[in-house]
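Data first, discussion second: the structure below is written as structure tokens.
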Amino acid sequence: MRQRILAFSSTGSAFLRDRDQLETLGDHSELLQRPICEVSLTADTDEYVWQVTACGVVKCTHASDFRSATRKAGVRSIDLDEGDRLAAAFVLAERSRDADVVIVTAGG
């Protein structure tokens, strides 16, 4: 099974690539050399991508919504308020949209 990596910038853009493509992205390789976070997606599972911003905004999106993230410029994955940034992203499996998720900051 082919492993797909969804890499996120701190500005809320997402880039979907095969793991072996991360090193050869051309114009956007600088962004992906230091992504804020990466998540692995599998083609055969019903997955949800959760995104959390530094100001506490949480967004849950079905992984299939990132199909177009293969564009060179990626896709906007979350709208950020001025001064906010994407802090983390993670994947939860099937039927997890209604899951209880606890997010803890370094400051408690």
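The values are calculated or read from the model by the stated rules, or taken from the named source; none is laboratory data. Bear in mind the structure is a predicted one, so any value in this text is a computation, not a measurement. Methodologically, a virtual Cβ is constructed for each residue, glycine included, from the backbone with ideal geometry; neighbour enumeration extends over all protein chains shown.
Before moving on, here are some points about what is shown:
- Filter pass, THR24 being at pLDDT below 70 and assigned to a loop (DSSP other than H, G, I, E, B): yes
- Boolean, LEU41 is surrounded by 11 or more Cβ atoms within 10 Å (Cβ to Cβ), under 26 Å from ASP81 (Cα atoms) and either at pLDDT 85 or above or not small (Gly, Ala, Ser) (or both): no
- Residues located in the range 66-92, provided they are modelled with pLDDT of 85 or more and within 19 Å of ASP18 (Cβ to Cβ): SER77, ALA89, VAL91
- Checking each residue in the range 1-18 for being exposed (fewer than 14 other Cβ atoms within 10 Å of the Cβ) and at pLDDT 65 or above picks out GLN3, ASP18.
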